[in-house]
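The block underneath contains the structure these notes are about, expressed in structure tokens.
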Amino acid sequence: MHIDTDFLAEGGTAASVPLILQIPKNTTERERSIPRLFVRTLSRSEGPPWNVLISRVYRDDIGRNAVDAFRVNVIHARQQVRSPVTNIARTSFFHVKRSNIWLAAVTKQNVNAAMVFEFLYKMCDVMTAYFGKISEENIKNNFVLIYELLDEILDFGYPQNSETGALKTFITQQGIKGQHQTKEEQSQITSQVTGQIGWRREGIKYRRNELFLDVLESVNLLMSPQGQVLSAHVSGRVVMKSYLSGMPECKFGMNDKIVIDKQGKGGTTDDPGKSGKQSIAIDDCTFHQCVRLSKFDSERSISFIPPDGEYELMRYRTTKDIILPFRVIPLVREVGRTKLEVKVVIKSNFKPSLLAQKIEVRIPTPLNTSGVQVICMKGKAKYKASENAIVWKIKRMAGMKESQISAEIELLPTNDKKKWARPPISMNFEVPFAPSGLKVRYLKVFESKLNYSDHDVIKWVRYIGRSGIYETRC
């Protein structure tokens, strides 16, 4: 298996930046060698100028015309290319785009597409961590750094270590490797790259050991005018910041339905039926590479050695027993052909002790609207003609409360016989709880070598629920 990746820029007077990688599989020693390594510049007399600045080749079965084929058939294609995979002359191009930069992987073999895209996105994350936005100017200014990153991330085309924290221990921000490393530091780097814990270096020390855990969820909803839920799901992330000394091991537990059910069968819970109501059913989840999946499969516990600093521990998705923070009740009445009366009531559905923030309700209006008169009980409302919507903003709203807005919409006469399609009312908000019902049951830290225990670690847990696509038909 091999990957040929290109950075290409388009448009304006900017030049494109192709970058070529290859990942061979089941190859001989001759095929594992690097036949070519060069930097070249191309120019065109017609169309946007472009050139190749960085090039690295591990196999010769992908020719230089692959870059031209990608440019003609994808970048400068007459029709918009929507698929992230394009086949040209028995060659597959996997591509992602960042601003005017194209990152493409090219192969002639039947490769794992998910693995290819995972590598492309990881490469984008690494570059963003080193020099910020992936732009043409930044790539030009950091081409030496990109070469060094490729040398560390890929070994003869095989992906190795792509963890940003580990890479920054031996590749500096300026892209210049340290010249005055001691033998001890060099041995730490070698063990970190070749060992099992590539995401954390040894010898980390803090005066105060702290652990921050954020449960960030996005709730998506489509509701009918009668209040029937047509579709709903929650996409969540568990983001952690760890400032722990040594090489600690953490255990994280949540009220996952599988965990609760297993405890109920074993008789470890007093009332399995009652605890089942407090559990959630996670449909699917993905973990950071530090999580030991074998323990999760057998014990249903998340055990890991945390990276230093901020990282995303897991992602998950759930579709059952979702707590909908707000209910939107719309009422639209047509008064003749030149007037609409709109009334919208929002009700908060959470504990009175909690406060929702950054509430925004967008009520669509017809295209032939000539004027709007708005009366709202709370917050501020304004008609925005450029957006064809009434925007209603409320700073804060407590749980188990309701508020309403009324509007009279004047319409211009029109010869269009089609009725107004009535787009859905959308809503944005932020609440201090997890709409999926996820709760952190425990978060423990173990460090055997250093003299501190789980009780010595200061732990912070925060829940934030935000609206995704939260719409109600009217």
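The values are calculated or read from the model by the stated rules, or taken from the named source; none is laboratory data. Please read all numbers here as calculations on a predicted model, not as lab measurements. Please note: Cβ atoms are built from the backbone with ideal geometry, for glycine as well, and neighbour counts cover all protein chains shown. Keep in mind that these areas ignore ligands, DNA and RNA; they rest on the heavy atoms of the full protein, side chains included. Shrake-Rupley method; radii C 1.70, N 1.55, O 1.52, S 1.80 Å.
The single condition among (1) within 13 Å of Ile171 (Cα to Cα); (2) open to solvent by 40 Å² or more (accessible area, probe 1.4 Å) that Val126 does not satisfy is (2).
Check whether at least one residue in the stretch 335-352 is in a strand (DSSP E or B), farther than 28 Å from Ala421 by Cβ and among the hydrophobic types (A, V, I, L, M, F, W, C), and report yes or no. Checked the stretch 335-352: no residue is in a strand (DSSP E or B), farther than 28 Å from Ala421 by Cβ and among the hydrophobic types (A, V, I, L, M, F, W, C).
Please work out if Asn87 is part of a loop (DSSP other than H, G, I, E, B) and more than 24 Å from the chain's Cα centre (by Cα). Outline the logic, then answer.
On the way: part of a loop (DSSP other than H, G, I, E, B): no; more than 24 Å from the chain's Cα centre (by Cα): yes.
Considered against the rule, which asks whether it is part of a loop (DSSP other than H, G, I, E, B) and more than 24 Å from the chain's Cα centre (by Cα), Asn87 comes out as no.
Within the stretch 166-217, the set of residues being of a type outside the set (A, V, I, L, M, F, W, C), modelled with pLDDT of 60 or more and surrounded by 19 or more Cβ atoms within 10 Å (Cβ to Cβ) comprises Gly198, Arg200, Arg201, Asn209, Glu217. Taken over the stretch 451-474, the residue count meeting the criterion of being open to solvent by 20 Å² or more (accessible area, probe 1.4 Å), in contact (Cβ under 8 Å) with a residue 24 or more places away in the chain and in a loop (DSSP other than H, G, I, E, B) is 3. Looking only at the stretch 367-390, residues that are part of a strand (DSSP E or B) and open to solvent by 80 Å² or more (accessible area, probe 1.4 Å) come to 4 in all.
Conditions tested, residue by residue: (1) more than 16 Å from Thr472 (Cβ to Cβ); (2) more than 32 Å from the chain's Cα centre (by Cα).
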{"position": "Ser348", "(1), (2)": "no, no"}
{"position": "Lys351", "(1), (2)": "yes, no"}
{"position": "Lys384", "(1), (2)": "yes, no"}
{"position": "Trp392", "(1), (2)": "no, no"}
{"position": "Lys395", "(1), (2)": "yes, no"}
{"position": "Pro413", "(1), (2)": "yes, yes"}
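Among the residues that make up the stretch 409-417, is at least one of them open to solvent by 30 Å² or more (accessible area, probe 1.4 Å), among the basic types (Lys, Arg) and either in contact (Cβ under 8 Å) with a residue 60 or more places away in the chain or within 30 Å of His233 (Cα to Cα) (or both)? No, every residue in the stretch 409-417 fails to be open to solvent by 30 Å² or more (accessible area, probe 1.4 Å), among the basic types (Lys, Arg) and either in contact (Cβ under 8 Å) with a residue 60 or more places away in the chain or within 30 Å of His233 (Cα to Cα) (or both).
Residue-by-condition table, conditions (1) assigned to a strand (DSSP E or B); (2) small (Gly, Ala, Ser); (3) closer than 19 Å to Leu324 by Cβ:
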| residue | (1), (2), (3) |
| --- | --- |
| Trp392 | yes, no, yes |
| Lys395 | yes, no, no |
| Ser403 | yes, yes, yes |
| Ser406 | yes, yes, no |
| Ile409 | yes, no, no |
| Asp416 | no, no, no |
| Lys419 | no, no, no |
| Asn428 | yes, no, yes |
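A single member of Ser436, Ser448 is in a loop (DSSP other than H, G, I, E, B), within 30 Å of Ile363 (Cα to Cα) and either β-branched (Val, Ile, Thr) or modelled with pLDDT under 95 (or both), and it is Ser436. Can you tell me how many residues in the stretch 137-154 are more than 15 Å from Lys168 (Cβ to Cβ) and either modelled with pLDDT of 85 or more or open to solvent by less than 50 Å² (accessible area, probe 1.4 Å) (or both)? Final tally of qualifying residues: 5. Quick check on Lys358: is it assigned to a strand (DSSP E or B), at positive phi and open to solvent by 90 Å² or more (accessible area, probe 1.4 Å)? It is true that Lys358 is assigned to a strand (DSSP E or B), at positive phi and open to solvent by 90 Å² or more (accessible area, probe 1.4 Å).
Against the condition over 30 Å from Thr169 (Cβ atoms), within 32 Å of the chain's Cα centre (by Cα) and buried (at least 19 other Cβ atoms within 10 Å of the Cβ), how does Thr318 come out, does it pass? Yes.
Within the stretch 249-270, can one find any residue that is open to solvent by less than 50 Å² (accessible area, probe 1.4 Å), in a strand (DSSP E or B) and at pLDDT 90 or above?
yes
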